[in-house]
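Working notes for the structure below.
Please treat every number below as a calculation from the coordinates, not as lab data. Note that this is a predicted model, so its numbers are computed, not measured. Please note: Cβ atoms are built from the backbone with ideal geometry, for glycine as well, and neighbour counts cover all protein chains shown.
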Amino acid sequence: MVNLLEYDLESLTAFCELLGEKRFRAVQLFRWIHQRGCANFEDMSDLAKSLRQKLKGVAEIKPMEVVSQHISYDGTIKWLFDVGGGNVIESVFIPEDDRGTLCLSTQAGCAMGCRFCSTGHQGFSRNLTTGEIIGQLWFAEHFLRKHLQRDERVISNAVMMGMGEPLQNYAVLVPALRMMLDDHAYGLSRRRVTVSTSGLVKKMDLLGLECPVALAVSLHAPNNALRDYLVPLNIKHPLEELMPACVSYLAHAPRDFITFEYCMLDAVNDTDALAHELVQLVKHYGHSVSWCKFNLIPFNPFPASGLHRSKPERILAFAQILSASGITTTIRKTRGDDIDAACGQLAGDVVDRTRVAVRIARQRSAEPAATALATATGAKI
């Protein structure tokens, strides 16, 4: 039995042709699955009875099991999904006046090891499948329609900012993105689908060519010494590679800017000196500041990090330096922190296959060297 949540329209068409059916049948089936959220072939009333009988023998529409649901005081909803093998992933819906945003996971765990991310401290188990990625949107969209008693689309924005590094799971991410964009499925705008990455440069280039959507890059530091410490991937892809790749992506992007995410860490990356250094970094690679936007994210603490959130007045002062230079700068509103659904808090339950405890211990042992390197740039680690 094949799970039809795994198939984008092109793959579903090929599957229907194997059953002796024409393309329009695949389109009908695709709409039933994604636009109407139907999981029962018998309810697909405009499909020929013969096709429904064929489908029952070879296919299914099998969503993930919902382990739990948590609703925040601010309306944010977090779901935990069982993906088997002892792994549980998380998705978060964030309602706002002008949009509804779903934050999706792309991996069970994460191997990037970013210092400030709770998911990274759990380690990595496996990549999700296309059906497991799109299945989060499938469930959330149709659950919310029933819950809110609405016939029209509830989710207007999808962000790949949950558990995992999306571009490390590139091969199955792209079909899922195409389903999000397909007018026969969810019909989301390219401008409203965002992939967040810690900086896998070659995959960024591929995404721009094959499925350009909005791009958010986890920056968090204006120099290699500090970013090596906070985002270990920087050792492999330093700023000299990452920043030109960001500029190149703009040639294909649906927006005329790249978003840089910057987690505000008390006495680590939040000094005035580092803010001025960020301005110079942006100017150096873009010859102006209009090509990017900064999203400052108040750190959401968890015990294993050893880090603390920047004070509100420090975040505001940092933002003012960026804004005064002409950089569009926002401070992200913390949502869902009472249910551990805020940025950097998604952790689920992961069977680690990467010896994360050993990696973190090595990182901690290197902290004196990191401190010495960062001191010259105004940071304190």
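Values computed for the structure shown
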| quantity | calculated |
| --- | --- |
| Gaussian network model of the chain, Cα within-10 Å springs - most flexible of Leu307, Leu148, Leu296 | Leu148 |
| For the chain, alpha-carbon Rg and Dmax in angstrom | 21.6, 72 |
| Span from the the stretch 55-73 Cα centroid across to the the stretch 295-327 one, whole angstrom | 37 |
| Cα centroid separation, the stretch 119-147 to the stretch 1-45 (Å) | 20 |
| Most mobile listed residue (Ser156, Ser45, Ser11) in the chain, GNM with C-alpha springs under 10 Å | Ser45 |
| Mean residue ellipticity (222 nm) of the chain, computed from DSSP H runs ≥ 4 via -39,500 (n - 2.57), nearest 500 | -11500 deg cm²/dmol |
| C-alpha long axis of helix 170-181 to longest principal axis of the chain, angle in ° | 70 |
| Amide H contacts of Arg353 (H built 1.01 Å from N, under 5 Å, at least 5 apart or other chain) | Phe124, Ser125 |
| Rounded if a/c under 1.5, otherwise prolate or oblate - the stretch 2-60, Cα gyration tensor axes | rounded |
| For Ser196, distant residues with modelled amide H under 5 Å away | Met160, Ala216 |
| Selected from Ala324, Ser305, Ile61, residue furthest toward positive end of dipole (the chain; charges at beta carbon) | Ile61 |
| Derived scalar couplings ³J(HN,Hα) [the stretch 227-243; Karplus, 6.51 cos²θ - 1.76 cosθ + 1.60; whole Hz; x for Gly, Pro] | 6, 4, 6, 8, 10, x, 4, 4, 5, 7, 10, x, 4, 5, 9, 5, 5 |
| Karplus-derived HN-Hα couplings along the stretch 244-253 (A = 6.51, B = -1.76, C = 1.60, θ = phi - 60°), whole Hz, x at Gly and Pro | x, 5, 5, 4, 5, 4, 4, 5, 10, 5 |
| Relative contact order for the stretch 2-60, counting Cα pairs under 8 Å that sit 6 or more residues apart, in percent | 37 |
| Amide H within-cut-off set for Leu188, under 5 Å, with H built and near neighbours excluded | Leu181, Asp182 |
| Packing-based exposure ordering (other Cβ within 10 Å, fewest first) of Glu141, Glu132 | Glu141, Glu132 |
| Positive-end extreme of charge dipole, the chain - chosen from Thr129, Thr194, Leu18 (charges on Cβ) | Leu18 |
